[in-house]
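For reference, the structure discussed in these notes is given below.
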Amino acid sequence: MRISKRLEAVASFVSNNEVVLDVGTDHGLLMIYLIKNKIIERGYASDLREGPLKSAQQNVELFGLNNKIQLLLSDGLNKMSDDVTTIIIAGMGGELISKILSNDLDKIKDKTLILQPNTQVPNLREFIMNNNLKIIDEEIIFEDGHYYEIMKVVKGQEKLSKEEIYFGPILLKKKSEIFIQKYESEYKKYINILTKLDDKHDTRKKKIIKHIKMIEVFL
């Protein structure tokens, strides 16, 4: 089966034979992909909305995986089973992912987290640092005009610099072609915005200049 490049990247972070919970599963395609490609044997797919969960149920039945994927109508980690070893939260804003995790910090201490925020990525990294969690891998991809960052997180402590919070500690080390492409594009965007702002927007200008200087150092 075919899934998006974004979901393929998320799937690549899953270790073999983990028991996975996919939070906000939508159509259930990620869980189906993981099982059909023999990355995992079974898992759980949850969503807080009945509509997407019904779509997921149809897809699970279509692929004959009723005995492999258990569907849960659940908000966040409320109904997570004790046997789950890896939690995936993908396609949400960084603040929402942080909120889901903060509501059940005691439940995630011994779990591997695979997180893919669509927005507010630095906010999520800061949350990770402040809650005895550690980023052990990151990747960045480009699909359909958007950049997506995926991170693998486990229990641990790390102190991130403001640059590592902004860019990603592992992404900074890798400095992939897509990473450089993203920040070259952002640099040009910020320069363009700056030329159009007058002195009435002093606060915004200072913020943009701060971003520009940070990008200049690491490109």
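Leaving out same-chain residues fewer than 8 places away, which aspartates and glutamates sit with a Cα under 17 Å from that of K205?
Within the straight-line limit of under 17 Å, K205 reaches these aspartates and glutamates: E186, E216.
How big is the gap, in Å, between the Cα center of segment 79-145 and the Cα center of segment 165-219?
Here the answer is 24 Å between Cα centres.
Among the trypsin sites (Lys or Arg not before Pro) in segment 150-219, which ones are in a DSSP loop with at most 10 other Cβ atoms within 10 Å of the Cβ? Mind listing them?
Loop-located and lightly packed - K159.
From the helices alone, meaning DSSP H stretches of at least four residues, give me the mean residue ellipticity at 222 nm for the chain, per-run term -39500 (n - 2.57), in deg cm²/dmol to the nearest 500.
-13000 deg cm²/dmol
Bins of 5 Å, beginning at zero and ending with the bin holding the largest distance: percent of Cα pairs per bin for segment 175-219, please.
5, 23, 30, 20, 13, 6, 3, 1
What do you get for GluC sites (Glu not before Pro) in segment 119-210 restricted to DSSP loop and a cutoff of at most 16 other Cβ within 10 Å of the site's Cβ?
Within segment 119-210, the qualifying GluC sites (Glu not before Pro) (loop, at most 16 other Cβ atoms within 10 Å) are E158.
Using the structure shown, list the pairs from K182/K207; K109/K173; K159/K189 with a Cα-Cα distance above 22 Å, or answer none.
Too far apart for the 22 Å limit: K109/K173; K159/K189.
Of the residues I170, I89, I140, which exhibits the maximal mean-square fluctuation in a Gaussian network model of the chain defined by a 10 Å Cα contact cut-off?
I170
If you take every DSSP beta bridge whose two residues both sit in the chain, what share of them, in percent to the nearest 5, is antiparallel?
Percent antiparallel among DSSP bridges in the chain is about 40.
With N set to the number of residues, divide the alpha-carbon radius of gyration of the chain by 2.2 N^0.38 Å and report two decimals.
Cα Rg divided by the expected 2.2 N^0.38 Å: 1.11.
Checking a compactness column here: for segment 1-124, what do you get for Rg(Cα) / (2.2 N^0.38 Å), N being the number of residues?
Expressed relative to 2.2 N^0.38 Å, the Cα Rg reads 0.97.
Any read-out appearing in this document is the output of simple, stated calculations on the displayed coordinates, not a laboratory observation. Predicted, not measured: the structure shown is a model, and the values here were computed from it. Please note: Cβ atoms are built from the backbone with ideal geometry, for glycine as well, and neighbour counts cover all protein chains shown.
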